[in-house]
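Below is one structure, written out as C-alpha cells; the observations come after it.
The values are calculated or read from the model by the stated rules, or taken from the named source; none is laboratory data. Predicted model, so just to flag it, every value in this text is computed and none were measured. Glycine gets a Cβ as well: all are built from the backbone with ideal geometry, and neighbour counts include every protein chain shown.
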Amino acid sequence: MTDEQQQTHFGFQTVNEAEKAGMVHGVFTRVASKYDIMNDVMSMGIHRIWKDAMMDWLAPRPGARLLDVAGGTGDVSFRFLKRAPGAAATVLDMTESMLIEGRQRAEAERMADRLDWVVGDAMALPFPANTFDVYTISFGIRNVTRVQDALTEAYRVLRPGGRLMVLEFSQLPNEGMQKLYDLYSFNVIPVMGQIIAGDRDSYQYLVESIRKFPDQETFAGMIRQAGFGQVAYRNLSLGIAALHSGWKI
C-alpha cells in the first residue's frame, strides 16, 4: 500500500489513516457536553427541521429495527421511536461520552426499554449480517476514516429490503451562495465554539470537514458502489445539507 493510500483528511490537514479515528474521537469527547446546544446555535435550530424531514422521507414502520450510527446523543433515534410503535433502536457511536450524554436525556429515560447504546466503529460494525431494517447516520459519515468501508458495512448489516438514509452537510449548487455560506462557516462557527464550548479548534475541524466531503452526486455514486439500489437524494436549505437514501434490494 502506498503512502498516498494510507493517508486521509482531517479537515484541511492530511494525516495517516491510523491517526484519524483518534483525532475525531478527541474532537467529540471535548464537545460532548455542549454538542446539542452548539447544534442549535450553529444552525439556528434548523437541524431539527432537517431531522424531521429525514423522518418524513423515511416513514418509520411499526416494529422496525433501527441502527443509528454516529448516533451520539440520540436525536434521530428518539424521533424514529416516536413515529414507530413497537420499534427498537440501537445507537452506535465511537465516542462513549456522547452516548453518556444521550442516555441522560429525558427521551432516553422514557424509551429505555426500546433503546440500546453501543460503542463501536462504523467501518467494523459489531453486528451480524442482515440484522437491521433501517440504517441512519446523521452528520457523522464525513468523520469516518474510510467512507466507502462504512457504506459497505451499512449494506452488510441491513436486511434485504432494508433502507439506508444519510443526513449530511453538503454543497450549495450556486457558487456565490456557497461563498457566502463559507464566510459564515469559517468566520462565525469556530468563534461560537470558543464562546459556548470553550473549543475553537474542534469547530474549525468540523467546518473544514464539511468542505472536504463529496458533493451530492459523488456521494450518491459511492452509495451505489456499496451495492444499494434506488439511490436518491434531496437537498435541504438549498443544499446546505442533503438527505441520501438507498435500498438493499
Okay, helices (runs of 4 or more DSSP H) sitting entirely in the stretch 1-104 with 3 or more residues that are modelled with pLDDT of 80 or more and surrounded by fewer than 18 Cβ atoms within 10 Å (Cβ to Cβ), I get 17-31, 46-58, 96-103
Counting only residues in the stretch 170-191 that are in contact with a helix residue (DSSP H, G or I) (Cβ under 6 Å, 6 or more places away or on another chain) and among the hydroxyl-bearing types (Ser, Thr, Tyr), the one farthest from Val207 (Cα to Cα) is identified as Ser170
The number of residues in the stretch 197-238 that are assigned to a helix (DSSP H, G or I) and either at negative phi or under 16 Å from the mean Cα position of the chain (by Cα) (or both) is 24
Filtering the stretch 121-146 down to residues that are in a loop (DSSP other than H, G, I, E, B) and surrounded by fewer than 17 Cβ atoms within 10 Å (Cβ to Cβ) yields Pro126, Phe127, Pro128, Ala129, Asn130, Thr131, Arg146
Expected output for the stretch 40-68 (first residue basic (Lys, Arg), partner at pLDDT 90 or above and outside any loop (DSSP other than H, G, I, E, B), Cβ below 7 Å, 6+ apart or cross-chain) is Lys51/Asp75; Lys51/Val76; Lys51/Arg79; Lys51/Ser138; Lys51/Leu167; Arg65/Ala88; Arg65/Phe132; Arg65/Asp133
The residue from Glu217, Glu208 that alone is loosely packed, with under 14 Cβ neighbours inside 10 Å, of a type in the set (D, E, K, R) and out of contact with any strand residue (DSSP E or B) (no Cβ under 7 Å at 6 or more places or on another chain) is Glu217
Charged (D, E, K, R), free of Cβ contacts under 8 Å to residues at least 40 places away in the same chain and out of contact with any Phe, Trp or Tyr (no Cβ under 8 Å at 6 or more places or on another chain), is that true of Asp116? yes
Checked the stretch 172-203 for anything surrounded by fewer than 18 Cβ atoms within 10 Å (Cβ to Cβ), touching a Gly at 6+ places or on another chain (Cβ under 7 Å) and within 19 Å of Ala241 (Cα to Cα); matches are Pro173
